[in-house]
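The values are calculated or read from the model by the stated rules, or taken from the named source; none is laboratory data. Just so it is clear, the model here is predicted, and its values are computed rather than measured. For neighbour counting, all protein chains shown are included, and Cβ atoms are generated from backbone atoms with ideal geometry for every residue, glycine included. The area values use the complete protein model at the heavy-atom level, side chains included, leaving out ligands, DNA and RNA. Shrake-Rupley method; radii C 1.70, N 1.55, O 1.52, S 1.80 Å.
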Amino acid sequence: MYRITMNEKRVTGKRNPMIYGHFIEHFHRQIYGGIYDPGNPQSDEDGFRTDIIEAMRKIKVPVLRWPGGCFVSSYHWKDAVGNERKPFFDKAWRVEDPNTFGTDEYIKLCRKIGCEPYICTNAGTGTAEEMSDWVEYCNLEEEGQYAKWRIKNGYEKPHKVRYWSIGNENYGSWEIGAKCADEWSRLVKESAKMMKHVDPETELSAAALADVDWNMTLLKNCGPYLDWISIHQYWDMMPEVNNPASYEACMAWTKRISRAVDDVRGMLTALHLEDRIRIAFDEWNLRGWHHPNVHSIRQGIGKETYVTPRDKNDDNSTYTMADAVFTACFLNAMNRNCDLVGMANFAPILNTRGCIYSNHEGIVLRSTYHVFDLYVNYFGDTVIDLWSEDQMPVMTVQDKWGAPQTVDVLDLAAAKWSDRAGLALAAVNKHPDAPQEIVLDLACEHTKVVQYSISGANKDSYNDVDRNEVFIREETLGRLEPGMQVTLSPHSVNILQILPE
Ligand code: AHR
């Protein structure tokens, strides 16, 4: 029995809704043949899939990062605006991009979704000037050639893009235009300077990682110019071989899910920047993307070796309750760290490893989609303290390499609402086959308990075009009594709402 106490007077902070953000890249069927599908019966007059947009609106996508990812590090935005679109060979993913989906189409998409745009710039082959020209195009009223170009293209009013990232993973040898720490901090500083000179209201992030040398060099040189620091993580990495980890192995990865946040928190604190710079965990997913023979110097010969294998990301049976449980543990961690983490972007939102799958006929809401639905629509916005005096139940599972790992069975976060009465407890039971009993040891005036849960039929349950095994169940548990016991099904994600009658 695990007794849980919550104290709504002990507040960690109000979480930024952007911790439930998303990412979309010019990769495989995310943009072309994905959200941008002119001619599809479900597409609107602008060529956007209305069924996909509707699904995105239901989970209140707060921010959408674009256009990459590795794609961006040789992308030139000027080729993709106006009437003269120049197709270009995307050297990251080795396909032709028609450039028919560019900045203006992206902004139009964000308006339809109702989300903030968040543009990642080309710091691979790009320059500080090209990045700041992009800010001119998007944010100046009419000064200068780029704002005038936007007006000529039919957009009288500025797009007002507030969030910008300088670069993507430029620390990595796989990235086009990779740099060492000193080169990186020089480019970031000059780029940030020019971007802020164009629009001081922009909020700038820079590619970083939980590495002391890289981050300390970046932060010491660019700290005053940055508002965010960007980190990425995928746990079940499968770039070359598409071999998804088992449920149990995925649970092993929940052991220190906030490790990167903890490390960056330490660095920001050491440099006294923790009150000025927030963390944007702007690419994350349990499952790394599968794209063999491109991310290394050994490139594939023949599209069947490096393009066709990308279709394996579309196998919906990959995305099981392991993905749902892991995603809930990650979102709990971002809530618990909401004093420092202000944004997180699920990578990606659509197709590849996304929470939504689409084909020509329609969409599939994968298991992770329902987790976002739970947290965005049923969890509170103000994180509060919770604790237990009981021993946390643990389990030992084998990780992907066969080593035993002991992990907590429960993962918990508590919140209240800033605009209404009530409490919410996010309770994840990671155990593959054992239910867990928790006791709500609460002294509060709220009396009605409602449980929203996702569990699937078994730990490997998934959704597909002809299969709907994972969805939110609602159950009213009745009046809150002292010592009320609640059962958490195996492999389940639960939001318990404790509400006034
Ligand atoms: O696997 C996809 C890639 O992962 C993204 O393009 C990049 O940002 C990250 O390395």
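For the reader, a short list of remarks on this structure follows.
- Taking region 385-501 as the region of interest, the strands (runs of 3 or more DSSP E) fully inside it that hold 2 or more residues being surrounded by fewer than 22 Cβ atoms within 10 Å (Cβ to Cβ) are 394-398, 404-408, 410-416, 436-440, 448-454, 473-479, 484-488, 492-499.
- Test: residue in region 259-272 that is in contact with a Pro (Cβ under 7 Å, 6 or more places away or on another chain), assigned by TED's automatic domain parsing to the domain that holds residue 349, modelled with pLDDT of 95 or more and within 16 Å of the ligand (Cβ to nearest atom): no
- Residue satisfying all of: in region 83-115; small (Gly, Ala, Ser) and open to solvent by 10 Å² or more (accessible area, probe 1.4 Å); nearest to the ligand (Cβ to nearest atom) among these: 92
- Residues of region 27-70 satisfying the condition of being small (Gly, Ala, Ser) and away from the ligand (no atom under 16 Å from the Cβ): 33, 39, 43, 47, 55
- Where residue 254 falls short, out of the listed (1) open to solvent by 50 Å² or more (accessible area, probe 1.4 Å); (2) in a loop (DSSP other than H, G, I, E, B); (3) away from the ligand (no atom under 16 Å from the Cβ): (1)
- Exactly one residue out of 259, 287 is surrounded by fewer than 16 Cβ atoms within 10 Å (Cβ to Cβ) and within 21 Å of the chain's Cα centre (by Cα), and it is 259.
- Taking (1) surrounded by 19 or more Cβ atoms within 10 Å (Cβ to Cβ); (2) without any contact (Cβ under 8 Å) to a residue 40 or more places away in the chain; (3) at positive phi in turn, residue 144 satisfies each apart from (1).
- The set of residues in region 186-210 that are among the small types (Gly, Ala, Ser) and crowded, with 22+ Cβ neighbours inside 10 Å comprises 191, 192, 205, 206, 207, 208.
- Pick from region 273-282, criterion open to solvent by 10 Å² or more (accessible area, probe 1.4 Å) and acidic (Asp, Glu), ranking: nearest to the ligand (Cβ to nearest atom): 274
- Filter result for residue 156 (in contact (Cβ under 8 Å) with a residue 40 or more places away in the chain and over 19 Å from residue 228 (Cβ atoms)): no
- Entry remark, region 354-384: residues being within 23 Å of residue 437 (Cα to Cα), among the aliphatic types (A, V, I, L, M) and open to solvent by 50 Å² or more (accessible area, probe 1.4 Å) number 0 in total.
- Members of region 211-244 that are in contact with a strand residue (DSSP E or B) (Cβ under 8 Å, 6 or more places away or on another chain), open to solvent by 10 Å² or more (accessible area, probe 1.4 Å) and either of a type in the set (Gly, Ala, Ser) or farther than 30 Å from residue 404 by Cβ (or both): 225, 227
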